[in-house]
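Contents: one structure, followed by commentary.
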Amino acid sequence: ANQRTLSIIKPDAVAKNVIGEIESRFEKGGLKIVAAKMLQLSDEKAGGFYAEHKERPFFKDLVGFMTSGPVIVQVLEGEDAIAKNRDLMGATNPKEAAPGTIRADFAETIDANAVHGSDSPESAEREIAYFFAADEICPR
Ligand code: CMP
């Protein structure tokens, strides 16, 4: 089915100047960028986004990392966009990510892992609404 998913290009990848290379993976993989913006996240905004991880031992480091520099937040659209995006990203831990995936090619550690993608239709809906108003999304 046609789906939308929330994608974040994280501070490590923005700092490495590989925004374009990552976007190219999405576009070549059949996904369309239908909304995008660059943001410097606050502790509150990053913490709210990752609220489901609040009790995890890595939460503080995760928020610290996600606020360490600007990110690109975006909505990707396409056939099975949620799963397709996760295939293109590779495993959360870059050391376990399959060759040719974004995380294998651009990420170093499980914290600085280049990209985030929604993991289910429910989280996609919540995550898209967390960053975008309806009129900021441009289906095409
Ligand atoms: P992301 O998909 O953005 O969702 C939560 C993030 O927490 C994850 O990517 C990782 O960057 C980070 N993280 C750090 N340690 C862990 C861990 N042990 N398990 C899962 N995610 C982790």
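The values are calculated or read from the model by the stated rules, or taken from the named source; none is laboratory data. In this text, all values refer to a predicted model and were calculated from it rather than measured experimentally. Every residue, glycine as well, gets a Cβ built from its backbone with ideal geometry; the counts of neighbours run over all protein chains shown.
Here are the numbers for the structure shown:
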{"item": "Number of the exception - GLU79 against (1) under 21 Å from ILE128 (Cα atoms); (2) modelled with pLDDT under 95", "result": "(2)"}
{"item": "Identity of the residue in region 7-19, part of a helix (DSSP H, G or I) and either charged (D, E, K, R) or within 14 Å of the chain's Cα centre (by Cα) (or both), that ends up surrounded by the fewest Cβ atoms within 10 Å (Cβ to Cβ)", "result": "ILE19"}
{"item": "Output for region 1-22, where each listed residue is within 16 Å of the ligand (Cβ to nearest atom), among the hydrophobic types (A, V, I, L, M, F, W, C) and touching a residue at least 60 places away in the same chain (Cβ under 8 Å)", "result": "LEU6, ILE8, ILE9, ALA13, ILE22"}
{"item": "Inter-residue pairs, beta-carbon under 7 Å, first on the phi > 0 side of the Ramachandran plot and in region 112-140, second of a type in the set (Gly, Ala, Ser) and not in a loop (DSSP other than H, G, I, E, B), 6+ apart", "result": "ALA114/ALA13"}
{"item": "Elements of type helices (runs of 4 or more DSSP H) in region 23-140, at least 2 residues being over 19 Å from ASN2 (Cβ atoms) and within 16 Å of the ligand (Cβ to nearest atom)", "result": "43-49, 59-66, 102-106, 121-131"}
{"item": "Residue count, region 25-58 (criterion: at negative phi and in contact with a strand residue (DSSP E or B) (Cβ under 7 Å, 6 or more places away or on another chain))", "result": "11"}
{"item": "Qualifying positions in region 26-49 - within 13 Å of the chain's Cα centre (by Cα) and under 16 Å from GLY100 (Cβ atoms)", "result": "PHE26"}
